[in-house]
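As C-alpha cells, the structure follows; a few thoughts come after it.
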Amino acid sequence: MIFLAIITSIANLRNVTNAARLAGKTLLWFAITALIAVAIGIGLGAVTSPGEGSGVSADAAEASSTQGGWMDFLGGLVPSNFLGIAGSAGMTAPSR
C-alpha cells in the first residue's frame with residue numbers, strides 16, 4: 001500500500017503548482033497505509049499467537065557469554081565481507 005501511495009504521489013507531480021498540498025497528501029496517505037499495515041500485523045499476531053510455548057525456564061536461562069560495548073555492537077552490524085563475495089585461496093577452477 002505504501003508503494004502505491006508513493007507511485008500515486010509521483011504521478012501527481014505534474015500538478016506541482018501546490019507542492020505543500022501534495023506533500024501533505026503524501027504524508028497523509030503514508031500515515032493511513034502505515035496504520036492499516038500495523039493494524040493487520042497486530043490482528044494477525046493476536047489471532048496466531050506467535051511465540052506461544054517457546055519460553056525459557058529460569059533454570060535454563062544463562063548469562064550471555066559474549067558481552068561488549070557499543071562499538072562492538074556497531075562493528076557487528078557491518079559484515080567483514082559486505083559484498084558477499086566468497087573466496088578462498090584453496091579453491092581451484094573446475095576441470096573440464
Q) Taking the Cβ-Cβ separation of LEU4 and PHE73 as r and a Förster radius of 30 Å, what is the calculated FRET efficiency to the nearest 0.05? A) 0.25
Q) What's the local net charge at ASN12, with K and R +1, D and E -1, over the other residues with C-beta under 12 Å away? A) +3
Q.
What three numbers, in Å, describe the spread of the alpha carbons of the range 1-49 along their principal axes, ordered from the longest?
A. 49, 15, 5
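Sort ARG14, ARG21 by Cβ crowding within 10 Å, fewest neighbours at the top.
Starting with the residue having the fewest Cβ neighbours, the order is ARG14, ARG21.
Values quoted throughout were computed directly from the atomic coordinates according to the rules given, and no laboratory measurement underlies them. What you are looking at is a predicted structure, and each value in this text was computed from that prediction instead of being measured. Methodologically, a virtual Cβ is constructed for each residue, glycine included, from the backbone with ideal geometry; neighbour enumeration extends over all protein chains shown.
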